[in-house]
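The values are calculated or read from the model by the stated rules, or taken from the named source; none is laboratory data. In this text the structure is predicted, and so the values were computed from the model without any measurement. No Cβ is skipped: glycine too gets one built from the backbone with ideal geometry, and neighbour counts run over all protein chains shown.
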Amino acid sequence: MPRPKKLRFVSGYPTISAFVPLGMPQTGEIFLSMEGFEAIRLSDFERLDQETAAKIMEVSRQTYGRILGEARSIVSEALVTGKALRIEGGTYEVRGTRRRRRRRGGRGLY
């Protein structure tokens, strides 16, 4: 049985959830996860190095590199083949929405 995935932190939801090619027939649909979108945003839009971006997403640098590589592959496939690109799904939590629960006995937060 595989280990459950650790949550990756993203700064928020994208303003646009899909990109569709114009002027040519759509050849299908491909999905980009929220953590993939966040990795592309941090590296390519914000121009952060992988070490800094990995700390922001609270993952290792190696995991960040793998997420970024997969995301870039998905985006390039959508561009080259004319597929619609949808941004949804993944194993993530939006930063700042973490809920803290009290332990039994009121001894503090965990």
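Examine the range 53-72 for a residue that is modelled with pLDDT of 95 or more, among the basic types (Lys, Arg), exposed (fewer than 15 other Cβ atoms within 10 Å of the Cβ) and more than 23 Å from Arg3 (Cβ to Cβ), and state whether such a residue exists.
no
Would a scan of the range 62-69 turn up a residue that is in a loop (DSSP other than H, G, I, E, B) and small (Gly, Ala, Ser)?
No: the range 62-69 contains no residue that is in a loop (DSSP other than H, G, I, E, B) and small (Gly, Ala, Ser).
When you go through (1) on the phi > 0 side of the Ramachandran plot; (2) touching a residue at least 12 places away in the same chain (Cβ under 8 Å) one by one for Gly23, which number turns out not to apply?
That leaves (2) as the condition not met.
In the range 1-52, what residues are part of a loop (DSSP other than H, G, I, E, B) and in contact with a Phe, Trp or Tyr (Cβ under 8 Å, 6 or more places away or on another chain)?
Leu7, Pro14, Ser33
Restricted to the range 73-91, and to residues that are surrounded by fewer than 16 Cβ atoms within 10 Å (Cβ to Cβ) and β-branched (Val, Ile, Thr), which residue is farthest from Met24 (Cα to Cα)?
Thr91
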